[in-house]
1. For segment 1-48, enumerate the residues that are over 24 Å from Tyr64 (Cα atoms) and among the hydrophobic types (A, V, I, L, M, F, W, C).
2. Return only the number of the condition from (1) closer than 24 Å to Lys3 by Cβ; (2) surrounded by 10 or more Cβ atoms within 10 Å (Cβ to Cβ) that Tyr64 does not satisfy.
3. Quick one: which of Ile47, Ile32 is out of contact with any Phe, Trp or Tyr (no Cβ under 7 Å at 6 or more places or on another chain), exposed (fewer than 11 other Cβ atoms within 10 Å of the Cβ) and in contact (Cβ under 8 Å) with a residue 24 or more places away in the chain?
Amino acid sequence: MPKIKTKSGAAKRFKFRANGSIKRSQAFKRHILTKKTTKNKRQLRGIANVHSTNVAAVRVMMPYA
């Protein structure tokens, strides 16, 4: 059987942790930052977990992760 390809877009966006959870970067911090408050931009820093309702979809996109 042929191997399943990993979705390259998903590989760029998601990383798997050792305990099996998936980390992602925050959205809404790429452009149009002048109208966003400093507090809002500060809270968008860092990483977040993929929500439990989306974990199965990410695992399908990254079968060997």
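Nothing in this text is a laboratory measurement; each read-out follows from the coordinates by a stated rule. Small disclaimer: the values here were computed from a predicted structure and weren't measured. As a convention, Cβ positions derive from the backbone with ideal geometry for all residues, glycine included, and neighbour counts pool all protein chains shown.
1. If the condition is that a residue be over 24 Å from Tyr64 (Cα atoms) and among the hydrophobic types (A, V, I, L, M, F, W, C), then Ala27, Phe28, Ile32, Leu33, Leu44 are the ones that fit.
2. Status for Tyr64: all satisfied but (2).
3. Every option except Ile47 fails the conditions.
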